[in-house]
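Taking it in order: structure first as structure tokens, then the write-up.
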Amino acid sequence: MYKKIFVPVDDSESSNVALAEASKLAAALGSELRLVHVVDLAQFGWGGTEFLDAAELQKSVKESGEQVLAACCETVRAAGLSAESKILESWGDKIASVLIADATQWGADLVVMGTHGWTGLMHLLMGSVAEGVLKTADIPVLLLRHPGD
């Protein structure tokens, strides 16, 4: 069944719901977990940052992502499991493409991720990473929402 479960995480409630479900699946199936967090560094790499230290901002964004991953790994450990984790860097790429590339390279056979379930104007403005993953993945994708979203 699913031996390698790929779990994109951020600091949202829907991501926490997905992590809990992925942990349950991994425990039941004896699967490996890979937790990833994408940081978009392009926003600090060019123009508009003349008065800011772009390298320092990029470092801060990565450190924040590492904190998110550390908290998620602790959640997994509390469930009696282990997981590898990785920061993925985007330089203006679509986040969904970055996720699918890493999941494919790792050999994932299931993606478990949260979705905010936005519709209408919010969906138009914010887009949907989950929708992008669902449309481009060649492997099964399990999307979960937090009941409050």
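Contact map, the stretch 90-116: residues that are touching a residue at least 60 places away in the same chain (Cβ under 8 Å) and part of a loop (DSSP other than H, G, I, E, B) paired with residues that are surrounded by 22 or more Cβ atoms within 10 Å (Cβ to Cβ) and among the aromatic types (Phe, Trp, Tyr), Cβ distance under 9 Å, separation 6+ or inter-chain. Pairs shown: Ala108/Phe6; Asp109/Phe6. Under 7 Å between Cβ atoms, which residue pairs at least 6 apart in sequence (or on different chains) link something in the stretch 60-77 that is in contact (Cβ under 8 Å) with a residue 12 or more places away in the chain with a partner that is surrounded by 15 or more Cβ atoms within 10 Å (Cβ to Cβ) and charged (D, E, K, R)? Pairs found: Val68/Asp10.
Among the residues of the stretch 57-107, which ones are among the polar types (S, T, N, Q) and either in contact with a Pro (Cβ under 9 Å, 6 or more places away or on another chain) or surrounded by fewer than 16 Cβ atoms within 10 Å (Cβ to Cβ) (or both)? Passing the criteria: Ser60, Ser64, Gln67, Ser82, Ser97, Thr104, Gln105. The residue that is surrounded by the fewest Cβ atoms within 10 Å (Cβ to Cβ), among those in the stretch 1-37 that are outside any helix (DSSP H, G or I) and of a type in the set (Lys, Arg), is Lys3.
Taking the criterion of being farther than 22 Å from Leu143 by Cβ and under 10 Å from the mean Cα position of the chain (by Cα), the only residue of the stretch 60-100 that qualifies is Ile87.
The test for being modelled with pLDDT under 95 and in contact with a strand residue (DSSP E or B) (Cβ under 7 Å, 6 or more places away or on another chain) does not hold for Asp11. Of all residues in the stretch 18-34, those that are on the phi > 0 side of the Ramachandran plot have Cβ atoms under 9 Å from Cβ atoms of residues that are of a type outside the set (S, T, N, Q) and surrounded by fewer than 19 Cβ atoms within 10 Å (Cβ to Cβ), 6 or more apart or on another chain, in Gly30/Lys3.
How many residues are at pLDDT below 80 and in a loop (DSSP other than H, G, I, E, B) when one looks only at the stretch 38-89?
Step one: filter the stretch 38-89 for residues at pLDDT below 80, giving 41-58.
Retained after the next criterion (residues that are in a loop (DSSP other than H, G, I, E, B)): 41, 45-53.
Within the stretch 38-89, residues that are at pLDDT below 80 and in a loop (DSSP other than H, G, I, E, B) number 10.
The values are calculated or read from the model by the stated rules, or taken from the named source; none is laboratory data. All values derive from a computational prediction rather than experimental measurement. Glycine gets a Cβ as well: all are built from the backbone with ideal geometry, and neighbour counts include every protein chain shown.
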